[in-house]
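> My questions will all concern the structure given below.
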Amino acid sequence: MNHSILKKIRNKLSNREEQNSLRSLRDNSSLVDFCSNDYLGFANSLPVKQSKQQGATGSRLISGNSNQFESLEQKIANFHNADSGLIFNSGYDANIGLFSCIADKGDTIIYDQYIHASIRDGIRLSNARSFSFEHNNLLSLEKKLEQADGHILVAIESVYSMDGDLAPLEEIIEVCEKHKAHVILDEAHATGVIGKKGLGLAQELGVASKLFARVHTFGKAMGCHGAIILGSKDLKSYLVNFARSFIYTTALSEHSLNSIESAYEKLNNAEEIIRQLHQNITLFQSLLSKNLQSKLIPSSSPIQCLLVSGNDHVKKVESELQTKGFDIRAILHPTVPKGKERLRVCIHSFNTPEELKTCVSQLEKLIV
Ligand SMILES: Cc1ncc(COP(=O)(O)O)c(C=O)c1O
């Protein structure tokens, strides 16, 4: 047997170890949650139906489709003020499927430099040319738009997952309209969080109809699995025919669809929970000293990041916070640029004022 491949993977793991950036799986479920995407606490409160439920049987195009799928897609599309929607097994699958098939050779995809890995991977599978523009920078976007050919698609997020800041959506749409470019908005961290009833940034700003497509994921505030791509009826039909991550995979089971349906029912009545979430975000920020505020990446979302430079340093702070009972995760280089390592504090509606106060006092002691 040729062992060189084993040697190669060991070397790559050793490199990660040397950079103190080796990832491993852990279970911190006993700690106070300041790291999950379960912003509204739905993950612990979706009803479980006791009756027998249909399991997974095949892909949507073979045996996996059902009336429930189609009516749920239309219900969610109506809720988000869209013509049509197509459910994928995850946000990762939705973005891979969409970006790999939407543009062809001769077309151009332009994306924010901080875009999520699932969109980057989708773009890598596409035959289109692609460029990134500087994060949230309209001048940089415009420069890239001037170099673009063919059909032009621009990929952005409502809330950026590693910084927590929002895209200047209206301004981006304006620049894109000038260059006849189509905007695709990933609303993963805005779903359930931003705007009235947590409908997302596009609906909050009243610009949903100006977007080519929106991606809402169910694995964050909705507390379950899956995602939906919203857009025109033709876009849905196109994805059913060309999005490989939709075609070549087993469809979600009835249980998953029931969870998504329950989560949307809960969201329809969650104004108080969403208000509590935003109150907690404001409380967290107001508790920070001037020193910590100077390290905070400006954000009005539940993702609050404190810059703590260096993998060794930020990992040490993370581990001390965990011994004190707080599950706050360090974001390391190479996930973020060197020197921009950070503690990513995720605020939830269910975090108590006491938890927030003790968490901040620990942060004050550990970050100097
Ligand atoms: C912006 C963004 N898009 C897509 C995804 C992927 O969603 P899912 O976890 O449902 O695969 C994530 C989650 O990590 C995300 O942060």
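The values are calculated or read from the model by the stated rules, or taken from the named source; none is laboratory data. Just so it is clear, the structure is predicted and the values come from calculations on it, not from any experiment. So basically every Cβ, Gly included, is an ideal-geometry build from the backbone, and we count neighbours across all protein chains shown. The protein model used for the area step is the full one, side chains on, heavy atoms only, and it has no ligands, DNA or RNA in it. Shrake-Rupley method; radii C 1.70, N 1.55, O 1.52, S 1.80 Å.
> Give me the accessible area of Tyr114, 1.4 Å probe, in Å² rounded to the nearest 10.
Roll a 1.4 Å probe over it and Tyr114 shows about 80 Å².
> Now a separate question. So how strong a dipole does the range 60-268 carry about its Cα centre when Lys and Arg Cβ are +1 and Asp and Glu Cβ are -1, to the nearest 20 debye?
Dipole about the Cα centre, nearest 20: 380 debye.
> A follow-up question, please. Need one word for the range 113-172: rounded, prolate or oblate. Basis is the Cα gyration tensor (sqrt eigenvalues a ≥ b ≥ c); a/c below 1.5 gives rounded, then a/b vs b/c decides.
Oblate, since a/c reaches 1.5 and b/c is not below a/b.
> Now, a different point. For the chain, give the magnitude of the charge dipole about the Cα centre (Cβ charges: +1 Lys/Arg, -1 Asp/Glu; no others), in debye to the nearest 20.
Using only the charged Cβ atoms, the result is roughly 1020 debye.
> Stretch Glu272-His3 to full length: gain in nm at 0.36 nm per residue minus the Cα-Cα span?
Stretched fully, the Glu272-His3 segment lengthens by 91.0 nm.
> Still on this structure, please answer the following. Express in Å², to the nearest 10, the accessible area of Ser289 obtained by rolling a 1.4 Å probe over the protein heavy atoms while all chains stay in place.
Ser289 exposes around 40 Å² with every protein chain in place.
> Around Asp27, what is the net charge, scoring Lys/Arg as +1 and Asp/Glu as -1 over all other residues with Cβ under 15 Å from its Cβ?
My count for the surroundings of Asp27 gives +1.
> Go through Asn268, His348, Gly310 and say which Cα lies farthest out towards the positive end of the charge dipole of the chain; charges sit on Cβ, +1 for Lys and Arg, -1 for Asp and Glu.
Of the listed residues, the answer is Gly310.
> While we're here: Starting from the Cα-Cα distance between Thr57 and Asp27, subtract it from 0.36 nm times their residue separation and give me the gain in nm to one decimal.
Gain on stretching Thr57 to Asp27: 7.7 nm.
> Which FRET efficiency value, to the nearest 0.05, do you get for Leu139 and Ser300 by plugging their Cβ-Cβ distance into 1/(1 + (r/R0)^6) with R0 = 22 Å?
Efficiency computed from Cβ-Cβ geometry: 0.40.
> Something else about it: What size of dipole, in debye to the nearest 20, comes out for the range 107-197 about its Cα centre when the only charges are +1 on Lys and Arg C-beta atoms and -1 on Asp and Glu C-beta atoms?
The dipole magnitude comes to about 220 debye.
> Could you check what % of the DSSP bridge pairs in the chain are antiparallel, to the nearest 5?
Here the share of antiparallel DSSP bridges comes out near 50 percent.
> Here's another thing I want to ask about it. Just name one of Ile123, Phe99, Gly55: the one whose Cα is farthest towards the positive end of the charge dipole of the range 50-126 (beta-carbon charges, Lys/Arg +1, Asp/Glu -1).
It is Gly55, whose Cα lies furthest towards the positive end.
> Give, as a single signed number, the net charge of other residues whose beta carbon lies under 13 Å from the beta carbon of His333, with Lys and Arg counted +1 and Asp and Glu -1.
Charge balance in the 13 Å sphere: +3.
> Using a ≥ b ≥ c from the Cα gyration tensor of the range 80-202 (square roots of the eigenvalues), is it rounded, prolate or oblate, where a/c under 1.5 gives rounded and otherwise the larger of a/b and b/c decides, a/b for prolate?
Since a/c reaches 1.5 but b/c is at least a/b, the shape of the range 80-202 is classed as oblate.
> Taking amide hydrogens as modeled 1.01 Å from N in the peptide plane, which residues meet the under 5 Å criterion relative to Val345, leaving out close sequence neighbours?
Counting only residues 5 or more places away or on other chains, the set is Gln304, Cys305, Leu306.
> Same structure, new question: Could you tell me which of rounded, prolate or oblate describes the range 196-317, using a ≥ b ≥ c as the square roots of the eigenvalues of the alpha-carbon gyration tensor, with rounded for a/c under 1.5 and, failing that, prolate when a/b is larger than b/c and oblate otherwise?
prolate
> First compute the accessible area of the chain with a 1.4 Å probe, then give the percent of it belonging to carbon and sulfur atoms.
After summing per-atom areas, the C and S share lands at 50 percent.
> Among DSSP beta bridges lying fully in the range 60-268, give the percent that are antiparallel, nearest 5.
Approximately 35 percent, going by the DSSP bridge assignments.
> Hand me the GluC sites (Glu not before Pro) from the range 114-202 located in a DSSP loop with no more than 16 other Cβ atoms within 10 Å, in residue order please.
Qualifying residues, ordered by number: Glu134.
> Report the one residue of Val240, Gln19, Pro168 whose Cα lies farthest in the direction of the positive end of the charge dipole of the chain (charges on C-beta: Lys and Arg +1, Asp and Glu -1; origin at the Cα centre).
It is Gln19, whose Cα lies furthest towards the positive end.
> Which loop trypsin sites (Lys or Arg not before Pro) in the range 160-251, with loop taken from DSSP, have no more than 13 other Cβ atoms within 10 angstrom of their Cβ?
Lys180
> What FRET efficiency, computed as 1/(1 + (r/R0)^6) with R0 = 41 Å and r the Cβ-Cβ distance, is obtained for Lys324 and Tyr238, rounded to the nearest 0.05?
0.20
> Relative contact order for the chain using alpha-carbon pairs under 8 Å, separation at least 6, rounded to a whole percent?
23
> In the neighborhood of Leu72, defined by Cβ-to-Cβ distances under 14 Å, what is the net charge if each Lys or Arg adds +1 and each Asp or Glu adds -1?
Taking every Cβ under 14 Å from that of Leu72, the sum is -2.
> Mind checking the per residue accessible area of the range 60-268 for me, 1.4 Å probe, whole number of Å²?
41
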